[in-house]
1. Residue by residue through segment 148-153, what is 3J(HN,Hα) from phi via Karplus (6.51 cos²θ - 1.76 cosθ + 1.60, θ = phi - 60°)? Round to whole Hz and write x for glycine and proline.
2. Provide the percentage of antiparallel DSSP beta bridges, counting only those with both residues in the chain; round to the nearest 5.
3. Using alpha carbons only, how many degrees (0 to 90, rounded to 10) separate the axis of helix 44-55 from the longest principal axis of the chain?
4. Rounded, prolate or oblate: which fits segment 148-296 when a ≥ b ≥ c are the square roots of the eigenvalues of the alpha-carbon gyration tensor, with rounded for a/c under 1.5 and prolate only if a/b beats b/c?
5. Using alpha-carbon positions, what is the distance between the centroids of segment 189-249 and segment 92-142, in Å?
6. With a cut-off of 15 Å, note down the residues of segment 177-192 whose backbone N falls inside the zone around a label point 7 Å from the Cα of Ala260 toward its beta carbon.
7. Ala77's amide H: which non-local residues (gap 5+, or another chain) put their own amide H closer than 5 Å, with H modeled 1.01 Å from N in plane and none for Pro or chain starts?
8. Skipping prolines and chain starts, which residues have an amide H placed within reach, meaning under 5 Å, of the one on Ile292, given they are 5 or more residues away or on another chain?
Amino acid sequence: MRADVELNIGRKTFASGLLPELIAVLRRCRPGDLVAVSGNEPSVGPELETWCRFTGNSLLETTTENGRARWVFRYGAVPEPTGEPVEEHRPVGSRLWLYTNFDCNLHCDYCCVRSSPTAPRRELGLARIQRIAREATELGVKEIFVTGGEPFLLEDIGEILLACAAAAPTTVLTNGMLFSGRRAESLRTLPRDRVVLQVSLDSATPELHDLHRGPGTWARTREGIQRARAHGFRVRLAATVSTDAEAEAFRQFLDEEEIASEDRVIRRIALRGSASDGVALSRADLVPEVTITADGVYWHPVGAEDADLLVTRDIFPLAESFAAVQRAFDREGEHANKLARIFNCA
C-alpha cells in the first residue's frame with residue numbers, strides 16, 4: 001500500500017524512542033494521510049495497533065519482507081464523502097450483498113475485487129442463492145444487492161434475480177453492456193416493481209469512463225441504460241470517482257439528465273483490489289453489510305475477497321452467519337471505535 005509518509009524506525013520500539021517520532025510525524029500530516037512505519041522489530045506491531053486505537057488512528061495493513069515489517073496506518077478519520085446523502089442508521093443485516101460471480105467482461109483498473117475476463121468465476125450458484133433468499137426472509141433483510149463480476153454473464157441470472165426479488169426488493173449492479181439476446185429475455189421475466197438495475201457510469205462524457213473501463217465502454221453503457229429503461233426498469237446510475245471535482249461534474253450531469261436523488265450513487269475509489277490509489281478503508285472504518293460470496297461471509301462488499309474482511313467461511317445456516325457479523329461488530333464497539341461509517345456502494 002502506498003503511503004503519504006514513510007518512517008524508518010530501525011530497531012526502535014515504544015520502549016526505546018518510537019513514540020516521539022510518531023508524534024513528530026503526525027504534526028506534519030493532515031487528517032486522512034497514510035503513514036508507513038518500517039522496522040526490524042516485529043513486536044512493534046501489537047503495540048502500534050493498540051496505540052492507533054487509543055489515538056483515533058486506523059491500522060490498515062501489515063506486511064513482512066526480508067525480515068523487515070511495514071505497518072501502514074491512517075492519521076485521523078476517513079476523508080468526508082462526496083456529499084451524497086447516506087442513512088444515519090442502517091441495522092446490521094438489513095442489506096444483504098451477494099457476489100454471484102467474479103468474472104467480468106471488463107477489466108476496470110480500480111475494481112475492489114479484481115474482477116476481469118480472466119478472473120475465475122467462483123460462482124455462488126443458483127441453489128445456494130435460492131436457499132439464502134428463503135432464509136433471508138426470516139432475518140429481516142430489507143434489500144438484496146446482487147453484484148459480481150458481471151452478473152449478466154451468468155446463464156441463470158434471470159432465475160437468480162427472481163429468487164432474490166421474491167425475498168426482498170433487489171438491486172443488481174451491472175455495467176449495462178449485456179442487455180441483448182438471451183440476457184434481454186432474462187430481463188423480460190423480472191418484476192419491474194421488485195428489481196432495480198444499478199448501472200455503472202463514471203462520467204458525463206466518454207473520456208474518464210473509458211480511461212478506467214476500456215475504449216468504447218461509455219457508449220455501450222449508455223445504450224444499455226436506454227435498453228433497460230425501454231424494458232420498463234428503474235435505472236440507478238452509479239459513478240466511481242477519484243476527486244471531488246469529478247463528483248461535482250457528474251452531479252451536474254445527473255441534474256441535467258433529471259435523475260432523481262434516490263437513483264444516483266457517487267462514491268470514491270476504494271484502495272482495495274486492483275486500485276493503486278483511493279480511499280484506504282479498514283474494517284474499523286466500515287459499518288458492516290453482510291456480504292456473501294462463494295468463499296464465505298464478509299464484512300462489507302468493498303473488500304469481499306480480502307482476508308481482513310472475512311468473517312466466516314460458513315454461509316449456512318444464514319442466521320448464524322448474520323450473528324457472526326453482529327458479534328464481530330460488537331467486538332469492534334468494545335474498542336470504542338468512533339470511525340466506523342457507512343461507505344455506500346449502492
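The values are calculated or read from the model by the stated rules, or taken from the named source; none is laboratory data. Treat the numbers as computed from the prediction; the structure is a model and nothing was measured. For neighbour counting, all protein chains shown are included, and Cβ atoms are generated from backbone atoms with ideal geometry for every residue, glycine included. Areas reflect the complete protein model, heavy atoms only, side chains present, ligands, DNA and RNA absent. Shrake-Rupley method; radii C 1.70, N 1.55, O 1.52, S 1.80 Å.
1. Karplus-based 3J(HN,Hα) across segment 148-153 equals x, x, 10, x, 6, 6 Hz.
2. If I count the DSSP bridges inside the chain, around 35 percent turn out antiparallel.
3. The two axes meet at around 70 degrees.
4. Oblate.
5. Each part reduced to its Cα centre gives a spacing of 19 Å.
6. 192
7. Gly32
8. Answer set, sorted by chain and number: Trp97, Leu98, Tyr99, Tyr298.
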